[in-house]
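Colleague: One structure, as structure tokens, below. Some questions next.
The values are calculated or read from the model by the stated rules, or taken from the named source; none is laboratory data. Fair warning: this is a prediction, and the values are worked out from it, not measured in the lab. Reconstructed Cβ throughout: ideal geometry from the backbone, glycine too, with neighbour counts over all protein chains shown. Note: areas computed on protein heavy atoms with side chains; ligands, DNA, RNA excluded. Shrake-Rupley method; radii C 1.70, N 1.55, O 1.52, S 1.80 Å.
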Amino acid sequence: MGNFKSLKKTSAGMEITAANASAQVSVYASNIIRIRISNKTFDRDFSYAVIKNPDKVNFTVTEDKEKITLQTDSLILTIGKNPVRFNFSDKKNNILNEDDTGFGTSWIGTEMTTYKKLQEGERFIGLGEKTGNLDRRGSAYVNWNNDYFGYPANADPLYQTIPFYVGIHHNLVYGIFLDNTYKSTFAFGASNNRFATFSVDDGEMNYYFIGGANIPSLIQSYTSLTGRIEMPPMWSLGYQQCRWSYYPDKEVLNLARTFREKNIPADVIYLDVHYMDAYKVFTFHPERFPNPKQTIDELKKMGFHLVVIVDPGIKVEKGYTAYEEGVKNNYFVKYPDNTLYTGEVWPGWCHFPDFTNSKTRLWWGQNFKGYVDAGVEGFWNDMNEPASWGNKTPDLIEFEFDGSKSTHKRVHNIYGMQMSRSTFEGTTKLMSGKRPFILTRAGYAGIQRYSAVWTGDNVATDEHMLAGVRLVNSMGISGVPFIGVDVGGFVGDASADLYARWMTIGTFTPFFRQHSMYGTRDKEPWSFGEEVEISMRNSIGLRYKLLPYIYSAFYEASQTGIPVSRSAAIYYPHDPKIYSNDYQHQYFFGPSLLVAPISSTQKFGKVYLPQGTWYRLDTDEKIEGGKEVIVEAPMDRLPVFAKGGSVITMQSQVQYSLQKNTDTLHVHVYNGDKGSVYVYYEDDGETYNFKTGEFLKMTFTFDPLARQLNVSREGKWKSKFNYLNIVYHGFADISQAKANDKGIAFNKKNGLQSVVVNNESGIKISW
Ligand code: GLC
């Protein structure tokens, strides 16, 4: 932007006119300021990502010869006048982020770039589904959702566009969210030592600056803009078995039976493209699945849920209902000369629904009736970048863009998100009060409101396994908590060691699904011999024991946006060790478990434990932190550590998530210097009745020094657990315990000390 011309104050902020462009500044919250810049007339103000309106907050605007200052309770925005530059500080005047004085925001043709000065030692994390290091300094990334079969572990771009990142320097943090769906580019001091930039190919510069004391609060603010996950069905947090493709029906039933016979817990089986009749969505293959309802009923009896794949391409075929309806009602995307766009995917030549048209979205959603009537409860949205053979959807095709007709250039990056939205909204209506499970490959900022995400067609290598951990953690920083990878690798054949190690990491991944490509070797938990089978039974079993903890972590995500897999950088952003090659994969799974992924070729691993006391989850070994340690990492046991001072809820092992449990919730308390407040959440796990109070929130206030655990509760739901079994870790020689000041029986078994109390209102336990 050039030199300042005029200022107009508005109710949410101000408008500034400069020599060659104008800017709108709006205060969304005292720590969120939106900057919109254009060198044309401003477009209609419309976003698929942002669902928040500006809050009514106090701010002041003052002006002198050189600058304009906007001040809220937590941020100071100083706008230099000649030329116009935007600089953000916290209320103590610490510089958080400033425009490069030379360039600020400038243009090359329609391409518009904001140049931000690199601060000394500045690091960058987030930006969604991006490969590379945890710290993105020195790297550049493009956002253009990309169907990338068998992508290299350092590939870019992949399938998702989440233009939100966090900057870290001088013990300060801030976030920037760029909301523009055209192709965009981020460069964090890549090929220069002067600036970090974000550019858009076209449209407006439109970014939200977020201030905050720590990274969790930035994520909370970012998700106040773009929304949070709804509670998923409990079954979708269990283990999910997929391959391209299980068919016919007998094979699917046989697979389900084998899980039960072998006592390997699982909740979900997937049908990939072969279940359809000639790959036509909304159909079942007449010979392979002649009676889907009956098959699904059988699966349900065994406690399994079925997920089917749906692709956006609708086969061009006379007499095929979806095709006929789409053509007749103008639901498909067209060229500017009003002819239908045709691209080739699995079914052959296809038309593509315009998911940016509300009528198309509604129609798409209604098409799931056949699936829902048959008992399908999960819907896997694939190929929605959109993908087609040739991987180059013509830029000129036109979309409704909900009222601002636009070309593919503007729509490409939100196509997958709007497909997922249509699927989510349609199936939610059809499922009579039950929660659907939606999975998608492509997405844009805000996708977490509609769907879980997986990271597409990865490869069965150690490098991919670890890259996948970074992708999952980065998506978490970027507001997407329900995220996972094709465990075991989609392309190629994993060795037994790689498969087993990857499955142990899958146990600690929010979305836990094994998937593999057509033609690859068998990858069921029993396909690698007896030793691996036993270890899979244990590690998948551990996932099921942890479900009460995992479900509560999803609840936290639904309330605050804080992800389930949390890069250690979220809690220790200023500790340089966290970013080192050795430790950048480490993450917290939920609030209290530190996971240290280790490649399958290593049987020992180096782990960095931050300050505090830690307990190895599988052995209960106590380790003092603040140092690097070498730990054992046999094939079936990933190094995972419980944080001293924390509370972790577990249940006895079940074969599927909603199977009747023993009636005891195990509450593990770990001794440490500092206590914690832990929220356990429970509801029926499958309906929306929690919205009318049918939930239970138990708040555990744990004070290890005072040797006290207080439990308070909220909500109408009656817990399925009648007893709480409090298990003590790291407390030497307990001799007595009390519940609500009355002495209670105390157990010592296998070296563990515990007490059992009734799970009823207001308990104070001391020992
Ligand atoms: C795509 C998906 C993959 C799926 C395959 C066949 O490659 O990414 O997960 O199995 O298509 O539908």
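Colleague: Determine the alpha carbon to alpha carbon distance for each of LYS293/LYS429; LYS603/LYS660; LYS116/LYS627; LYS718/LYS748; LYS315/LYS392; LYS315/LYS359 and list only those over 26 Å.
Modeller: As for pairs spanning more than 26 Å Cα to Cα, those are LYS603/LYS660; LYS116/LYS627; LYS718/LYS748.
Colleague: Per residue of segment 583-595, in order, report the coupling 6.51 cos²θ - 1.76 cosθ + 1.60 (Karplus, θ = phi - 60°) as ³J(HN,Hα) in whole Hz, putting x for Gly and Pro.
Modeller: Ordered by residue, 3J(HN,Hα) equals 10, 5, 8, 5, 8, 8, 9, x, x, 10, 10, 9, 9 Hz.
Colleague: By its C-alpha gyration tensor, with a ≥ b ≥ c as the square roots of the eigenvalues, how is the chain shaped: rounded for a/c under 1.5, else prolate for a/b larger than b/c, else oblate?
Modeller: oblate
Colleague: Another one. How far apart, in nanometres, would the label points at GLU63 and ASP673 be if each is projected 7 angstrom from Cα along the Cα-to-Cβ direction?
Modeller: 5.3 nm
Colleague: Okay, next question. Go through segment 111-126 residue by residue and turn each phi into a ³J(HN,Hα) via Karplus (6.51, -1.76, 1.60, θ = phi - 60°); whole Hz please, and just put x for glycine and proline.
Modeller: With coefficients 6.51, -1.76 and 1.60, one gets 6, 10, 10, 9, 9, 10, 4, 6, 7, 4, x, 5, 10, 9, 10, x Hz.
Colleague: Something else about it: Ranking request for peptides 53-66, 412-425: highest mean number of other beta-carbon atoms within 10 Å first, then the rest in descending order.
Modeller: Ranked by mean Cβ neighbours within 10 Å, highest first: 412-425, 53-66.
Colleague: How many angstrom lie between the C-alpha centres of segment 501-527 and segment 120-161?
Modeller: Using only Cα atoms, the two centres lie 24 Å from each other.
Colleague: Now, a different point. Leaving out ligands, DNA and RNA, and with a 1.4 Å probe, what % of the accessible surface on segment 565-643 is carbon or sulfur?
Modeller: C and S atoms contribute 50 percent here.
Colleague: For the chain, list the DSSP H helices whose alpha carbon atoms reach 27 Å or more along the long axis and whose average Kyte-Doolittle value is 1.6 or above?
Modeller: none
Colleague: Per residue, how much accessible surface does segment 266-532 expose to a 1.4 Å probe? Answer in Å², no decimals.
Modeller: 30 Å²
Colleague: Keeping the other protein chains in place, figure out the carbon and sulfur percent of the accessible area of segment 4-226, with a 1.4 Å probe.
Modeller: Summing carbon and sulfur atoms, their accessible area is 46 percent of the total for segment 4-226.
Colleague: Go through segment 144-149 residue by residue and turn each phi into a ³J(HN,Hα) via Karplus (6.51, -1.76, 1.60, θ = phi - 60°); whole Hz please, and just put x for glycine and proline.
Modeller: 7, 3, 9, 6, 10, 4
Colleague: Could you give the Stokes-Einstein D for segment 266-532 in µm² per second, using the C-alpha Kirkwood radius, 37 °C, 0.692 mPa s?
Modeller: Here the translational diffusion coefficient equals 169 µm²/s.
Colleague: Under the rule of -39500 (n - 2.57) per DSSP H run of 4 or more residues, summed and divided by the residues of the chain, what mean residue ellipticity at 222 nm is obtained, to the nearest 500 deg cm²/dmol?
Modeller: It comes out at -6000 deg cm²/dmol, rounded to the nearest 500.
Colleague: Moving to a separate point now. What is the spin-label model distance, in nm, from ASN171 to GLU111 if the labels are put 7 Å beyond Cα along the C-beta direction?
Modeller: Here the answer is 4.0 nm between the modelled labels.
Colleague: How high is the FRET efficiency from ASP493 to ASP575, r the C-beta distance, R0 30 Å, rounded to 0.05?
Modeller: Calculated value: 0.20.
Colleague: Around MET276, which amide H atoms from residues at least 5 apart in sequence, or from another chain, sit under 5 Å from its own amide H, with H modelled in the peptide plane?
Modeller: HIS285
Colleague: Distance in nm between label sites at LYS293 and GLN611, each 7 Å beyond Cα in the beta-carbon direction?
Modeller: 6.4 nm
Colleague: Quick one: which residues, 5+ away or cross-chain, put their amide H under 5 Å from the amide H of TYR444? H built at 1.01 Å from N.
Modeller: THR161, MET417
Colleague: Report, largest value first, the span of the C-alpha coordinates of segment 532-690 along each principal axis, in whole Å.
Modeller: 45, 37, 26
Colleague: Rounded to the nearest 0.05, what FRET efficiency do LYS748 and GLU632 give with R0 = 22 Å and r taken as the Cβ-Cβ distance? Could you check?
Modeller: Efficiency, rounded to the nearest 0.05: 0.25.
Colleague: While we're on this one: Can you give the extra length, in nm with one decimal, that the chain gains between GLU344 and ASP582 once fully stretched, where that is 0.36 nm per residue apart less the Cα-Cα distance?
Modeller: The span from GLU344 to ASP582 would gain 81.3 nm if fully extended.
Colleague: Out of all DSSP beta bridges in segment 1-42, what portion is antiparallel? Express it as a percent rounded to 5.
Modeller: Beta bridges within segment 1-42, antiparallel portion: roughly 100 percent.
Colleague: Looking at segment 114-217, which GluC sites (Glu not before Pro) are in a loop (DSSP not H, G, I, E or B) and have at most 15 other Cβ atoms within 10 Å?
Modeller: GLU120
Colleague: Can you list the residues, at least 5 places off or on another chain, whose amide H is less than 5 Å from the amide H of LYS334, using H built in the peptide plane?
Modeller: TYR341, GLU398
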